[in-house]
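Read the structure below first, then the notes.
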Amino acid sequence: MGRAFVYVILGGGVAAGYAALEFTKKGVSPGELCIISEETVPPYERPALSKGYLLPEAPARLPSFHTCVGANEEKLTPRWYKEHGIELILGTRVKSVDVRRKTLLTAVGETISYKILIIATGARALKLEEFGVSGSDAENVCYLRDLADANRVVDVMQSCASGNAVVIGGGYIGMECAASLVTNRINVTMVFPEVHCMARLFTPKIASYYEGYYSSKGVQFVKGTVLLSFEIDPIGKITAVNLRDGSQLPADMVVVGIGIRPNTSLFEGQLTLEKGGIKVNGQMQTSNTSVYAIGDVAAFPVKLFGETRRLEHVDSARKTAKHAVSAIMEPEKTDEFDYLPFFYSRFFTFSWQFYGDNAGEVVHFGDYSGNTIGAYWISKGHLVGSFLEGGTKEEYEALAKTTRLKPAIDDITDLERQGLGFAVTVSKKPLTPPPSDDVSGSTLVLERPLFAWHATAGVITAASIAAFAYWYGRRRRRW
């Protein structure tokens, strides 16, 4: 017993939804495409789970945030998939894949064959047990990766109104969940081993800016230590957390956000892996020409910086999905993926955007006692990264354009003096190709010359991303 499709998308996250929409735009025929997902609902915008979904009043609920509303495109409801002849195989776990035979075997024993496979398996939340701490099965310990997790957070949150929450981790999930918990009138303590929040991206100065606001909202920070164990009552609920520094914190609920791990196990020994994910070329194609990978699981060449990276953010998931489908359906019209790394987040009244790479020397600008702050990163004499909080639409566009161009920086002091004005000025100058490096050590990358029109297209794309992110953040703050 089995089914056969031309195209199979394995995974039901953000990337899967955007890939499905792109397939329809490129003329996929009814019955050719299917999505296989362990979740019981079609793909949705995961960023809503740590924002709008946790609001105490008028929270976001499906179908309002199915993909692809996050990019101001169609809302792909179950009816949409049916109307377009796309098979949804939901609530289904795939237990093995044979890329040589082009088959997948589900947990219930069904064989599904394909001509082209798109891996959109994403990543899973790291569990405490992987760090030697037991207790994840307690009813008031929560993770946040999918809809089931979000429902659990809501239920536990509602059961401990005005209680104490301990958030383990100071990254995206930790910061966004902490803000949502405070909004729900819960006392929050954040615990993480680093010296400041968002340590992978923020500088100490940027982190201090946000930590100061969180503190004003009652959030307490315990830094430089980690969770050691839990205190558990006779009915199996966590009552306190014990930290390695010897301190103990009361806890009515615990939210854990300590990172993710790409879901690559089905393909180990069959496809080339790198950076913890599945290695792809500039067309999102893996070491097997019939298999593509997109989203969090894909390690792809970032041409602007001359190296392969795996990026964990929704924008990358959306863009890699669209590019892979274009490469599959219209290979002769599809150039290599030329992505400007882009990250953003929103919590409380804040909304920041980051472009490029946080490598090299940092130059801060703006009023760190006010509403607008920013920073540039300078590496090998060129501006390679930029950050802005509280910018206008035009300022975010300027930041994206300037980072894409990688302008030479001769005077750090002058750059600090000009601040945001530097990006605004550079973005208005005639376009010239930025310096670029070849991606070394990759047999999958097909390098092509970087002509001026490539740079122009890249800058236009970057500006479009910035403009949409600004509009989306203003219009849909709760997501």
FRET efficiency (Thr289, Lys75; Cβ distance; R0 25 Å; to 0.05) is 0.15
Note to self: Kirkwood Rh of region 56-210, Cα pairs, one decimal, Å, is 19.3 Å
Per the C-alpha gyration tensor (a ≥ b ≥ c, the square roots of its eigenvalues), the chain is rounded if a/c is under 1.5, else prolate if a/b beats b/c, else oblate; here it's oblate
Computed for the chain: size of charge dipole around the Cα centre, +1 on C-beta of each Lys and Arg, -1 on C-beta of each Asp and Glu, debye to nearest 20, value 840 debye
Heavy-atom accessible area per residue of the chain, all protein chains kept, 1.4 Å probe, expressed in Å², is 42 Å²
Taking r as the C-beta separation of Ser208 and Ala58 and R0 as 30 Å, the FRET efficiency to the nearest 0.05 is 0.35
His364 and Ser136 label points (each 7 Å along its Cα→Cβ direction) are spaced in nm at 3.7 nm
Quick note, region 328-412: a/c under 1.5 would make it rounded; otherwise a/b > b/c is prolate and the rest oblate (a ≥ b ≥ c, C-alpha gyration tensor); here it is oblate
With +1 at each Lys and Arg Cβ and -1 at each Asp and Glu Cβ, the charge dipole magnitude of region 128-258 around its Cα centre, to the nearest 20 debye, comes out at 500 debye
Filtering trypsin sites (Lys or Arg not before Pro) in region 329-387 by DSSP loop and by at most 14 other Cβ atoms within 10 Å leaves Lys380
Simple SL model, points at 7 angstrom along Cα→Cβ for Arg100 and Glu332; separation in nm is 3.4 nm
Calc'd 3J(HN,Hα), region 129-142, phi into Karplus 6.51 cos²θ - 1.76 cosθ + 1.60 (θ = phi - 60°), Hz, glycine/Pro = x, comes to 4, 6, 10, x, 10, 8, x, 4, 7, 5, 5, 10, 9, 10
Of the accessible area of the chain, computed with a 1.4 Å probe and all protein chains kept, carbon and sulfur make up a percent value of 49 percent
Which of Lys127/Lys303; Lys26/Lys303; Lys25/Lys82 exceed 22 Å between C-alpha atoms? The answer is Lys127/Lys303; Lys26/Lys303
Along region 314-319, Karplus-curve 3J(HN,Hα) (6.51, -1.76, 1.60; θ = phi - 60°) to the nearest Hz, with x for Gly and Pro, reads 4, 4, 4, 4, 5, 6
Simple SL model, points at 7 angstrom along Cα→Cβ for Glu194 and Glu231; separation in nm is 3.0 nm
If the chain between Ser215 and Ala148 were fully extended at 0.36 nm per residue, the gain over the current Cα-Cα distance would be 21.1 nm
The pairs in Lys275/Lys322; Lys75/Lys95; Lys275/Lys333 lying past 25 Å Cα-Cα in this model are Lys75/Lys95; Lys275/Lys333
Taking 0.36 nm per residue of separation between Glu394 and Glu83 and subtracting their Cα-Cα distance, the length gained on full extension comes to 108.1 nm
Dividing the helical contributions, -39500 (n - 2.57) per DSSP H run of n ≥ 4, by the residues of the chain yields a 222 nm value, nearest 500 deg cm²/dmol, of -8000 deg cm²/dmol
Of all DSSP beta bridges with both partners in the chain, the antiparallel percent, nearest 5, is 60 percent
Bridge orientation stat for region 126-239 from DSSP, antiparallel percent rounded to 5, came to 10 percent
Taking the reciprocal of mean 1/r across every pair of different Cα atoms in region 128-258, the Kirkwood radius in Å is 14.7 Å
Projected onto the charge dipole of region 349-428 (unit charges on the beta-carbon of Lys, Arg, Asp and Glu, signs +1, +1, -1, -1), the Cα from Ala400, Asn358, Thr372 with the largest positive-side position is that of Ala400
Applied in sequence order to region 259-270, the curve 6.51 cos²θ - 1.76 cosθ + 1.60 (Karplus, θ = phi - 60°) yields integer Hz couplings, x standing for Gly and Pro, of x, 10, 9, x, 8, 10, 4, 5, 10, 5, x, 10
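The values are calculated or read from the model by the stated rules, or taken from the named source; none is laboratory data. Being a predicted model, the structure only gives us computed values, none of them experimental. For neighbour counting, all protein chains shown are included, and Cβ atoms are generated from backbone atoms with ideal geometry for every residue, glycine included. To get the accessible areas, we keep the full protein, side chains included, count just its heavy atoms, and leave off ligands, DNA and RNA. Shrake-Rupley method; radii C 1.70, N 1.55, O 1.52, S 1.80 Å.
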